Amino acid sequence: MSVFDGLKFRKVYSPIHNLDPRMKFVYVIAIFAAAIAFYSVIPLLALFIFQIPFVLLARVQKQWLRSLRGATFLAAFIFLVNLAGNFFTQNYTLTVANVETAAAMTLRFVVLVESFSVFFLTTSPDHLGLALEQSRVPYEFSFAFTTAVRFVPVLAEEAQTIMDAQKARGLELEKGNFMKRIRNYIPILIPLIVSAIRRSLELAEAMESRAWGATKKRTNLYALKLHKGDFALLGIIIGILILTVYVYFYVPIPTVRSFFGYP
Amino acid sequence: MLTVEDVHFSYQSGVEALKGVSLIVKNGEFVAIMGQNGAGKTTLVKHFNGLLKPTRGKVRVDDVETTKTSVASLARNVGFVFQNPDHQLFSETVEEEIAFALKNFGYAPEVIENRITWALNLLGLTQYRKTSPFMLSGGERKRVALASVLAWDPKILILDEPTIGQDHQQKENLRQFIMQMQSQGRTIVIVTHDVEFVAECNPRVVLMREGKIVADGEGKDILTDPALLEVSSIVLPQIAQIFTQLQVPSLPKNVIDIYEAKTLLLRLLQRRQRL
């Protein structure tokens with residue numbers, strides 16, 4: 001469940017936490033776009049390193065590292081699938097170029113995880129809901145979204161308890177062949193799903209008893225406003241986008257392998 | 001026998017839940033672990049079947065250190081019934097639910113069949129054998145969870161908050177059931193807030209506070225100590241409240257048993273009448 005730890009918000013005050021969630025989201029989208037634009041290791045590595053100051057500034061490096069560690073398995077999977085894909089489609093030859101492409105694809109995934117992790121670690125679910133509302137998203141949708149985000153850690157904790165309860169009844173998750181191992185998760189998934197459904201029904205009742213949707217026009221205690229820091233981030237975002245477009249069209253990107261004399 | 005030697009435990013989040021706990025539970029003992037929320041009760045009992053491993057110190061079950069073996073092999077001797085039955089029920093019928101653990105432990109089909117019948121009978125669930133556990137009431141689900149653990153007949157039984165959400169009749173059934181288990185030589189550890197239930201059972205009481213054991217002894221000595229219970233956010237059992245407030249020098253203060261209280265009060269009344 002360590003992947004979820006990397007998405008769990010903790011209340012800390014830092015320049016990054018105080019930024020407007022809307023601007024942070026635009027930043028994530030910009031990083032996303034830049035990561036999708038490139039296919040090679042060097043620009044993706046640059047994107048990865050570029051974000052580290054944000055992590056340090058927000059003082060969330062510990063949780064951030066944990067989320068990256070949680071993503072290792074998927075990253076390894078992406079690397080192998082890419083490598084195998086190239087291997088089987090290109091006459092069963094393994095070239096340095098293939099390895100580098102696979103590495104780039106993996107790095108792209110890591111960059112995406114990194115930026116999402118920073119976003120969720122530094123944005124409270126309340127602010128996120130507020131941001132959606134102020135972006136004129138209907139309240140029903142923004143509420144559903146924030147609730148989903150809020151329940152991720154709750155579900156993760158519940159999954160842990162269920163796992164403990166079944167282990168106490170002799171369930172061994174790591175036992176058996178591949179199919180058996182998948183089947184081992186049934187005793188964990190069923191209680192988890194049942195309780196999630198039950199919880200959602202209870203939540204609906206609790207909301208209705210507190211007059212949810214009684215007025216069409218809701219007011220908020222807090223309103224989001226853009227500050228100096230947000231405009232600075234906007235500058236950075238525009239910078240990233242311009243640089244991405246410029247590099248994409250006008251700069252020939254050298255490959256890592258060319259430094260070592262491979263074609 | 002359960003041996004806990006100076007156990008410390010910290011969760012990944014950095015919270016230190018146990019700060020040096022030592023405890024010995026002998027075979028055939030009945031122990032109630034009490035204390036306020038967050039005192040570390042559940043964390044401690046999760047060490048008994050290896051679900052949690054101590055960050056420092058040692059936990060041994062019959063001389064086997066829990067760090068040296070798996071939960072599955074410890075579970076054969078240590079049955080753990082979780083607080084919320086919904087965290088474990090998943091099968092289509094009550095019968096299959098009970099068979100789950102037995103299959104995990106590799107029992108033969110005939111043995112499984114016998115054990116299911118035995119466990120259902122023991123907890124009065126025979127009529128629900130083919131019913132889905134999800135169709136049952138809260139109290140019945142709790143009993144199915146208990147049956148599914150009892151079915152493999154563990155020597156040590158741990159019950160986490162067994163009385164929550166149970167009505168009086170079910171609590172009484174549970175109490176008699178625990179007494180019966182104990183008389184058959186099983187070791188029973190319960191984690192609970194339910195002071196009246198503990199007063200009625202009168203087990204050995206281990207009182208925890210902020211990750212440490214603050215008192216360990218007979219129920220009637222610990223549950224009648226107002227200062228000790230005050231700091232642990234536990235109220236005195238009603239009988240003990242009466243006896244501490246009565247201010248009669250000839251009456252003892254450490255009484256929690258209803259029968260004992262009745263005898264003492266009757267004797268006092270009779271003596272006064274005679275005067």
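The values are calculated or read from the model by the stated rules, or taken from the named source; none is laboratory data. Note that the coordinates shown come from a computational prediction; the quantities given were computed from them, not determined experimentally. We place every Cβ from the backbone using ideal geometry, glycine too, and count neighbours over all the protein chains shown. Accessible surface areas use protein heavy atoms only, side chains included; no ligands, DNA or RNA. Shrake-Rupley method; radii C 1.70, N 1.55, O 1.52, S 1.80 Å.
Here are a few things to note about the model shown:
- Loop chymotrypsin sites (Phe, Trp or Tyr not before Pro), segment B:1-76, which have at most 13 other Cβ atoms in a 10 Å radius of their Cβ (DSSP): B:11
- Once the partner protein chains are put back, segment B:80-106 shows a loss of at least 30 square angstrom of accessible area, versus the chain by itself, at B:82, B:86, B:87, B:88, B:90, B:100, B:104 (probe 1.4 Å, ligands and nucleic acids excluded).
- Pairs exceeding a 29 Å alpha-carbon distance, out of A:62/A:180; B:53/B:171; A:167/B:130: A:62/A:180; B:53/B:171.
- Segment A:86-177: trypsin sites (Lys or Arg not before Pro) in DSSP loop, at most 16 other beta carbons within 10 Å: A:136, A:175
- Proximal lysines to residue A:228, defined as alpha-carbon separation beneath 19 angstrom and excluding residues fewer than eight positions away on the same chain: A:24
- The residue among A:94, A:223, A:49 whose Cα reaches farthest toward the positive pole of the charge dipole of chain A, with charges on the beta-carbon of Lys, Arg, Asp and Glu, is A:223.
- Mean ellipticity per residue at 222 nm, deg cm²/dmol - from DSSP H runs of n ≥ 4 across chain A, formula -39500 (n - 2.57): -24500 deg cm²/dmol
- Proximity of backbone amide H atoms, modeled 1.01 Å from N, is registered between residue B:22 and B:6, B:7, B:213 at under 5 Å, excluding neighbours fewer than 5 places apart on the same chain.
- Per-residue surface analysis assigns residue A:36 an accessible area of about 80 Å², computed on protein heavy atoms at 1.4 Å probe radius.
- Excluding same-chain neighbours fewer than eight residues apart, no aspartates and glutamates are reachable from residue B:262 by a Cα-Cα span under 12 Å.
- Contact surface B-A: accessible area buried, both sides summed, square angstrom, 1.4 angstrom probe: 1900 Å²
- Pairwise label distance in nanometres, residue A:172 with residue A:74, each label 7 Å out on the Cα-Cβ vector: 3.0 nm
- Cα gyration tensor, chain B - rounded (a/c under 1.5), prolate or oblate: oblate
- Chain B - mean residue ellipticity at 222 nm from DSSP helices (-39,500 (n - 2.57) per run, n ≥ 4, rounded to 500): -11500 deg cm²/dmol
- Accessible area, probe 1.4 Å, largest first, for residues A:27, A:13: A:13, A:27
- Values of log10 I(q)/I(0), in the order q = 0.13 Å⁻¹, for segment A:149-204 under a Debye, Cα-only, solvent-free model: -0.38
- For segment B:228-258 versus segment A:103-127, the inter-centroid distance based on Cα atoms is 58 Å.
- Those chymotrypsin sites (Phe, Trp or Tyr not before Pro) in segment A:134-240 that DSSP places in a loop and that have at most 15 other beta carbons within 10 Å: A:185, A:212, A:222
- Chain A - percent relative contact order, Cα under 8 Å, separation 6 or more: 32 percent
- Interface residues in segment A:148-173 - accessible area drops by 40 Å² or more relative to the isolated chain, probe 1.4 Å: A:161, A:164, A:165, A:167, A:168, A:169, A:170
- Estimated dipole of the protein assembly as shown in Debye, rounded to 20 [Cβ of Lys and Arg +1, of Asp and Glu -1, Cα centre]: 680 debye
- Per residue, the protein assembly as shown exposes 53 Å² of solvent-accessible protein surface, assessed with a 1.4 angstrom probe and all protein chains in place.
- Long-range HN-HN contacts of residue B:32 with modeled amide H, under 5 Å: B:190, B:204, B:205, B:206
- Computed accessible area, residue A:41, all protein chains, 1.4 angstrom probe, square angstrom: 20 Å²
- A run of chain B free of exposed loop cleavage sites, with trypsin sites (Lys or Arg not before Pro) counted only in DSSP states other than H, G, I, E and B and at most 12 other beta carbons within 10 Å, reaches its longest extent at B:131-275.
- The residue among B:11, B:111, A:138 whose Cα reaches farthest toward the positive pole of the charge dipole of the protein assembly as shown, with charges on the beta-carbon of Lys, Arg, Asp and Glu, is A:138.
- Distance violations [Cα-Cα > 25 Å] among B:142/B:253; B:26/B:253; B:46/B:155: B:142/B:253; B:26/B:253
- Sum of side-chain charges, residue B:17 neighbourhood, beta-carbon under 11 Å (Lys, Arg +1; Asp, Glu -1): +2
- Accessible heavy-atom area order of B:47, A:127, highest first, probe of 1.4 Å: A:127, B:47
- Three-way shape call for the protein assembly as shown based on the alpha-carbon gyration tensor, with the a/c threshold at 1.5: prolate
- Apolar share of the accessible surface for the protein assembly as shown: 61 percent from carbon plus sulfur atoms, 1.4 Å probe.
- Residues whose amide H falls under 5 Å from that of residue B:56, counting only those 5 or more places apart or on a different chain, are B:8, with hydrogens built in the peptide plane.
- Karplus-derived HN-Hα couplings along segment B:71-81 (A = 6.51, B = -1.76, C = 1.60, θ = phi - 60°), whole Hz, x at Gly and Pro: 4, 4, 7, 5, 4, 4, 9, 10, x, 10, 9
- Relative contact order (percent, whole number), segment A:130-209, Cα cutoff 8 Å, 6+ residue spacing: 25 percent
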